[in-house]
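The values are calculated or read from the model by the stated rules, or taken from the named source; none is laboratory data. In this text, all values refer to a predicted model and were calculated from it rather than measured experimentally. With ideal geometry, Cβ positions are generated from the backbone for all residues, glycine too; neighbour counts draw on all protein chains shown. Accessible surface areas use protein heavy atoms only, side chains included; no ligands, DNA or RNA. Shrake-Rupley method; radii C 1.70, N 1.55, O 1.52, S 1.80 Å.
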Amino acid sequence: RVIEQVNAVTSSFANAEAAERAAESNRDNVEFDEKHAMVFSPEMGNIAFASAHDTWGFTILDLAEYYAKILPVKRKVLSKTLWGTYYYNTEKKGPMRRPSSQNPTDVMAVEYILKPIWEVYSLEHLKFKDRLSEIIQELQIKVPPREIVGKTWREKTRAVLGRWLPIAKAILGLAVDQLPDPKTSQGLKIARIWKSSDRVSGQGYKSLRRAALDCDKNSEQLLIYVAKMLDVGNKSILQAVNAVKLGGLKRTHQFKRSEYVRGKVSQPQVMPKSTEPSQEIKSNEIEESQPQLETAEIGRFLAFARVFAGTIRTDRDQDLYILKSGYDPKASEEENKRYVLKIKSSKLRLFVLMGKAFQMVSQVPAGCVLGISGLDTMVVNSATITSDLSVPPLSAMQHSSTPIVKVAVTPHRYPDMTRLLEGLRLLKQADPNVEVATESNGEHIIVTSGELHLERCLLDLRTRFA
């Protein structure tokens, strides 16, 4: 039912786009293009079933690959029959369509997906210790004793299901298989996020637009879009910077991520710990040798951005311009003064975002997402970074939620007013769904998307920002 509702919503979007195209071309008939309508179906492999709390997840394609090694059925056939009205015929050793008179619980989705998961969860209440070992053998998985012995039943459940259906492989594999590559996706996005470009002409704009459409990393021009500002704190950025200052220290546990996600290896491979004396550095030695960098130089925010064209580098001085949403390339320099800022690329720090951690790098090419440090005072929520002032900024991010709950905030003590104002500025920068304003009577107000959002904002204001 949930899948049907999602498909109904996406179909309505496709119909609206078709009607918009017909209106723009002054046509009375609306041509609905089914190829552009997003249809979600487990058989297509674009739906993942998961429990983030218990760290397991899967797609039908994942289970088809798993059961193809156990059942005498090809993976391609299983990907079409594991979901739907099919049951496994033990005599013919293959999937068969279920007759209407047959028990619906005999279908393969119940027998091979729901029952194993439900049985592992039910053991928490039944306390059948021996049965857990039998399930591990039946699923043909390896669970280290350290994850079972002396653990609670909840921890055992996570260990078994996490080993059988690793959520990282399911979610990352879904992204790798279903999302378009950067060059393809940029060709679809540019027409939408660069709408103001219709009013602009010139060789500089044309060449940069072509470079963005082609995802050209070798372009002399540069185009970057900052989607939001991430509040990661000074400490995290300093650690990443100092790791490079010390010669690029790396973690001993390095995973071959791409091979694991695509199923080329059954488990993430751990690289052996280096025995070279130069890399055996104790934590206290690291702290003593860390360069003392100014907090203001580092900042606490990372600009979450994507490179559309060119390659941004910090090992050379690139002249970059930060364009705000009000910038107009046809306006005079005086009119655009408040909408454009200039900075050298060598003043920035670039990071590759890897979950909670991030690694500092010297250059990032087109098609990649990255974190940029050093823009705290220049970018509030979103902006366009380019090397050419003859182009308009990309469209600002549109958020679905509308602020509706408005409250006034005051400090407990009047001398803390400066801290409150700074905290409100940081809150607005970290959360684009919050509106911060000052009333005519001098009250400082915040407008949020609901009561829960308000509680979270007030908590952040007290504990993080002010």
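With contacts defined as alpha carbon pairs under 8 Å and 6 or more residues apart, what's the relative contact order of region 43-171 in percent?
It comes to 30 percent, rounded to a whole number.
What are the radius of gyration and Dmax of region 43-171, computed over its Cα atoms and given in Å?
Calculated on Cα positions, Rg and Dmax stand at 15.3, 47 Å.
Under the definition of Cα pairs under 8 Å and six or more residues apart, what whole-number percent is the relative contact order of region 335-466?
Here the relative contact order equals 19 percent.
For region 293-449, compute the orientation-averaged projected area of the C-alpha convex hull (one quarter of its surface), in nm².
That works out to 12.3 nm², a quarter of the Cα hull's surface.
For the cross-link pairs Lys69/Lys93; Lys169/Lys228; Lys189/Lys228; Lys69/Lys142; Lys217/Lys342, which exceed 20 Å when the distance is taken from alpha carbon to alpha carbon?
Violating the 20 Å limit, Cα to Cα: Lys169/Lys228; Lys217/Lys342.
In whole percent, and with a 1.4 Å probe on the protein chains, what portion of the accessible area of region 43-120 is carbon and sulfur?
Accessible surface attributable to carbon and sulfur in region 43-120 totals 58 percent.
Ordered by residue, what ³J(HN,Hα) values in Hz, to whole numbers, does region 378-383 give under the Karplus form 6.51 cos²θ - 1.76 cosθ + 1.60, where θ = phi - 60° and Gly and Pro are x?
10, 10, 7, 10, 9, 6
With a 10 Å radius around each residue's Cβ, average the other Cβ atoms per peptide and rank 178-191, 445-458, 55-68, highest first.
By packing density, highest mean first, the sequence is 55-68, 445-458, 178-191.
Local charge sum around Arg210 (other residues, Cβ-Cβ under 15 Å, Lys/Arg +1, Asp/Glu -1)?
Once positives and negatives cancel, what remains is +1.
Considering only protein heavy atoms, what per residue accessible area in square angstrom results for region 312-387 with a 1.4 angstrom probe?
Result: 52 Å² per residue.
Quick check on region 141-212: what are the equivalent-ellipsoid semi-axes from the Cα gyration tensor, as sqrt(5λ), descending, whole Å?
Result for region 141-212: semi-axes of 52, 11, 9 Å.
Report, by chain and number, residues whose modeled amide H sits under 5 Å from the one on Asp214, excluding near sequence neighbours (fewer than 5 apart, same chain).
Here nothing satisfies the definition.
Please report the projected area of region 405-465's Cα convex hull averaged over all directions, in nm².
Averaged projected hull area, Cα only: 3.9 nm².
Under the Kirkwood approximation applied to all pairs of distinct alpha-carbon atoms, what is the hydrodynamic radius of region 321-391 in Å?
About 13.7 Å, per the Kirkwood formula over Cα pairs.
Residues of region 43-171: accessible area per residue at 1.4 Å, in Å²?
59
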